[in-house]
Ligand code: SAH
């Protein structure tokens, strides 16, 4: 498994050291063990974890290198079992990473994982993104905000844009009809101060061909009223009528 991960990530310009490969090995073992008790990922995904979780997360590295070369503070919203935030941290260890996860049991796994992998400069915040974005130490403070599988694009953007500093980027992996998701997000982008600056292909050997990352630049401060209170972004998304 490790040899395969090493090869696949080389194609992304990421050369994993033997220590890093060992961290990925321990990540996989830990996830397999915890997944017996806590629903962190599907069995099917576990069987192909190198591609489905590790490579898929690391496919964002070239995007970060291009769009946020000097990034220091990164937040992963709705981190679940740590994707994509933790693999990114393993490759870019200088980053200060905040993992926001609403579910206590998943956050427990993240805290365990951070210890197991010996990671410094990682915070696990057990809170909804709507509430996290109201805390002054987090609001508009991040160079990069990521969120994988957090919800439809307009929802993910309402939950992420308030955390980005002005000039920072929100990076959301997507598949399928991305153009239509972006069109549906026009109102959210306008309201929260974001602008799509790229739809970058992140496809590589081992990932579906339609894998992209939507890169949104935060251009102006997000008004205080966003994000709306807990649950509202997903219940009543700010969707552009088409
Ligand atoms: N990013 C991970 C998990 C995706 S599932 C991955 O791609 O594998 C979405 C995760 O977001 C779940 O763990 C869920 O508990 C969390 N979540 C959903 N809404 C949230 C919110 N408003 N604030 C914080 N976490 C949230």
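The values are calculated or read from the model by the stated rules, or taken from the named source; none is laboratory data. What you are looking at is a predicted structure, and each value in this text was computed from that prediction instead of being measured. Quick reminder, even Gly has a Cβ in these numbers, built from the backbone with ideal geometry, and neighbours come from all protein chains shown.
Any residue in region 165-177 that is modelled with pLDDT of 95 or more, crowded, with 17+ Cβ neighbours inside 10 Å and farther than 21 Å from residue 88 by Cα? No: region 165-177 contains no residue that is modelled with pLDDT of 95 or more, crowded, with 17+ Cβ neighbours inside 10 Å and farther than 21 Å from residue 88 by Cα.
Counting just the residues of region 139-170 that are in contact with a strand residue (DSSP E or B) (Cβ under 7 Å, 6 or more places away or on another chain) and in a loop (DSSP other than H, G, I, E, B), which one comes out nearest to the ligand (Cβ to nearest atom)? Looking at the filtered set, the residue picked out is 148. Among residues of region 106-135 that are under 17 Å from residue 161 (Cβ atoms) and in contact (Cβ under 8 Å) with a residue 40 or more places away in the chain, those with a Cβ under 6 angstrom from a residue that is in a helix (DSSP H, G or I) and near the ligand (Cβ under 10 Å from one of its atoms), sequence gap 6+ or separate chain, pair up as 129/159.
Scan region 178-209 for residues that are crowded, with 16+ Cβ neighbours inside 10 Å and outside any helix (DSSP H, G or I) and jot them down. Matches in region 178-209: 185, 193, 194, 196, 198, 200, 202, 204, 206, 207. Among the residues making up region 32-50, those that are under 18 Å from the mean Cα position of the chain (by Cα), part of a helix (DSSP H, G or I) and within 13 Å of the ligand (Cβ to nearest atom) are 45, 49. For residue 224, the test of being touching a helix residue (DSSP H, G or I) at 6+ places or on another chain (Cβ under 9 Å), farther than 21 Å from residue 55 by Cα and at pLDDT 95 or above is failed.
Per-residue answers, yes or no, for (1) under 14 Å from residue 90 (Cβ atoms); (2) modelled with pLDDT of 95 or more:
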site	(1), (2)
2	yes, no
13	no, yes
16	yes, yes
22	yes, yes
31	yes, yes
51	no, yes
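Filtered by the rule that a residue be closer than 22 Å to residue 107 by Cβ and not in a helix (DSSP H, G or I), region 61-91 gives 73, 74, 75, 76, 77, 78, 79, 80, 81, 82, 83, 84. Given the structure, is residue 132 modelled with pLDDT of 95 or more, within 15 Å of the ligand (Cβ to nearest atom), under 30 Å from residue 21 (Cα atoms) and touching a helix residue (DSSP H, G or I) at 6+ places or on another chain (Cβ under 9 Å)? So residue 132 fails the test.
If you go through region 108-129 and keep only what is more than 9 Å from the ligand (Cβ to nearest atom) and part of a helix (DSSP H, G or I), you end up with 108, 109, 110, 111, 112, 113, 114, 115, 116.
How many residues does region 92-106 contain that are touching a helix residue (DSSP H, G or I) at 6+ places or on another chain (Cβ under 7 Å) and either in a strand (DSSP E or B) or within 9 Å of the ligand (Cβ to nearest atom) (or both)?
Within region 92-106, residues that are touching a helix residue (DSSP H, G or I) at 6+ places or on another chain (Cβ under 7 Å) and either in a strand (DSSP E or B) or within 9 Å of the ligand (Cβ to nearest atom) (or both) number 4.
Residues in region 107-116 that are touching a helix residue (DSSP H, G or I) at 6+ places or on another chain (Cβ under 9 Å) and surrounded by fewer than 19 Cβ atoms within 10 Å (Cβ to Cβ) were compared, and the one that is nearest to residue 92 (Cα to Cα) is 116.
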